[in-house]
Each structure stands twice: as C-alpha cells, then as structure tokens.
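So the structure is just underneath, and the comments pick up after that.
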Amino acid sequence: MTWNSHSAETLLWCAQPVVHAAIAVVAWRRRLYEQFPVFFRFLLVQLVSFAVIFPISRMYSLHQCSYELLFWASWIGEGVNAVLGFQIIHEIFLNVFRPYHTLKDLGTLLFKWAGVVMLMVSVVVAFSNSYDQSPLVHAVTTLQRSVRIVQLGLILFLLLFSRFLGVSRKQVSFGISLGFGLIAGAELMLMALNSGGFVKQGLLNLINMFTYLGAVLVWFGFSLASKVVPDLAATRLQTQRWEQGLADIQHPVAADSLIPMFEGMVERAFSRNSNLDHGDDRVRLGSPAVPRRANSAAAGSKSQS
C-alpha cells in the first residue's frame, strides 16, 4: 500500500466515529433509540471499537505492541459487529411488520432459526478448514458473509414489497436498511472480485471504507429527516389476506362451530315455509293479508259509528 492510499484509509477511518457520534446524538435527542435500540447500541459499539482498535493499530505501526493484540482486538470487534448486524435486521423486520402481529411472530421464529443455522455453519467452517489461518478468522468471515447476504436481501425485500406493507421510503427503518444494503452489496461484490484476482487487498479495503462512510452518511441523513408515520391505509388487501391466512392456520375454527350455523339455516328455512303456508291459506279464504293492528283499528271505527 502506498503512502497516499494509507493516508486516505486513515482519514476515512477517523471520519467514521465523527459521523457515528453525530448520529448517536441526533438519535438521542429525537428519541430514536426507543424505536431502534439495537441500532443505537451498534453506534455506541462502533465508537468504543474505534477508541480501542485505532490506538492499538498506531502502536503496532510503531512496533510498540504485538500483532496478536491487534489481531484479537480487530476480529473480536468484527464478530460483535456481525452479531449486532443480524439483530438490526430483526429489529427492522419487527418495525416494518408491527401492524401485522401474526406475520411478525412467524418472522421472529424464522429469524431465530436462521441465526442458529448461521452460527452452526460458522463453527463447522471454522473447525473444518485446512488452511493456515486461525479458526476465529474463518468463523467470523463466514458469519459476516451470511449476515451481509441477509442484509442485502432485506433491502431488496423492502424495495419490492414496500407498497404492499405501507412502508414509506422516507422512514428511518428504510434508511438503516439502505445503508446496510450498500455495505453488503459492495463487500460481497469486492469479495468475489478479490477471490478472482481482479482487485487487490489494498484497493478492496479502501473501497470498503468509502462505501461504509457513504452508508453512515445515509444513516445521518435519515436520522435528521422528519418522522414519517407508516401509511396503513395504503396497505393492500393481499397483505391483509396473508395476515388472516396465517391467523386461521394458527387458530383453526373448531368443527363443532359449524353446528349452530346449520341449525340457524334450518330454522330460517322452516320459518320461511310456514310464512308461505299462511299466505296460501289467506288467498284461499279470500281474506286480504291485512295486519292485525289495522283490522282492530277498522273494527273500532265501525263500533264508534
């Protein structure tokens, strides 16, 4: 890495905590931490991570500390970021599906199983690799890739189904998803190019830091934007049918509940037939079908006369 690229990477690295702190202050003043507590915790973790890793990195460049200290600090921080990234996806999902309780419960169950599967895959990959790298590196890298794929899928899901869910693209949840989607898309694409030998590691790190800083600026812009209430009136009937269908599956109607319905149908049929029979008798006797109150009133008028 040349001196210019190293200076640019250091400048981008130092700019990140400044924007993180600005977003945290805005989120605290606007009480966004109540709506997105995991994302607010993520911002605080980034500040702590910079305060720990950056001095260790400077000390290592000056040969004042060992590489093992920098290694463990960096990769433990990456592991914590991967776990928080997955939790943020779940938090955004709950925020989007807040009006739909059945869909939200189903999504929560799926997220739990997805998290267990990703952890299992990470552990298996970590202990079954045949390379010279540390199992921690393989485990964290596999977990990061899995989380990035889910983050990219989340933003694609919101782009495709926002009109069905009544989600405005000016909401903070959409902005958080957009930022993580940018990071995930760039990181996965650069990772594929690097594995094919098209992008060197130094350039990959520099582009990743540019993309991350752009995502942080996106979060800052959405945190400053005015609050947008989800337009529940704009939700489509299809989403409501999904909700009702899942509710019917979870709470099926008992078979005994059909008996009162059939009894009511039979009673209405008998009452209708009896009314028709009375009508036919009146026609045969030649008496007009006059209500009793009207007949009594007519008889009273004759008696008075």
- Could you tell me whether segment 56-72 includes any residue that is under 31 Å from the mean Cα position of the chain (by Cα) and on the phi < 0 side of the Ramachandran plot? no
- Query: Which one of these is free of Cβ contacts under 8 Å to residues at least 60 places away in the same chain, in the same structural domain as Thr142 (by TED's automatic domain parsing) and assigned to a helix (DSSP H, G or I): Val52, Val19?
  - Reply: Val52
- Query: In segment 1-29, which residue that is surrounded by 16 or more Cβ atoms within 10 Å (Cβ to Cβ) and not aliphatic (A, V, I, L, M) is farthest from Gly85 (Cα to Cα)?
  - Reply: Glu9
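The values are calculated or read from the model by the stated rules, or taken from the named source; none is laboratory data. Keep in mind that what you see is a predicted model, and the values were worked out from it rather than measured. Cβ atoms come from the backbone with ideal geometry, glycine included; neighbour counts cover every protein chain shown.
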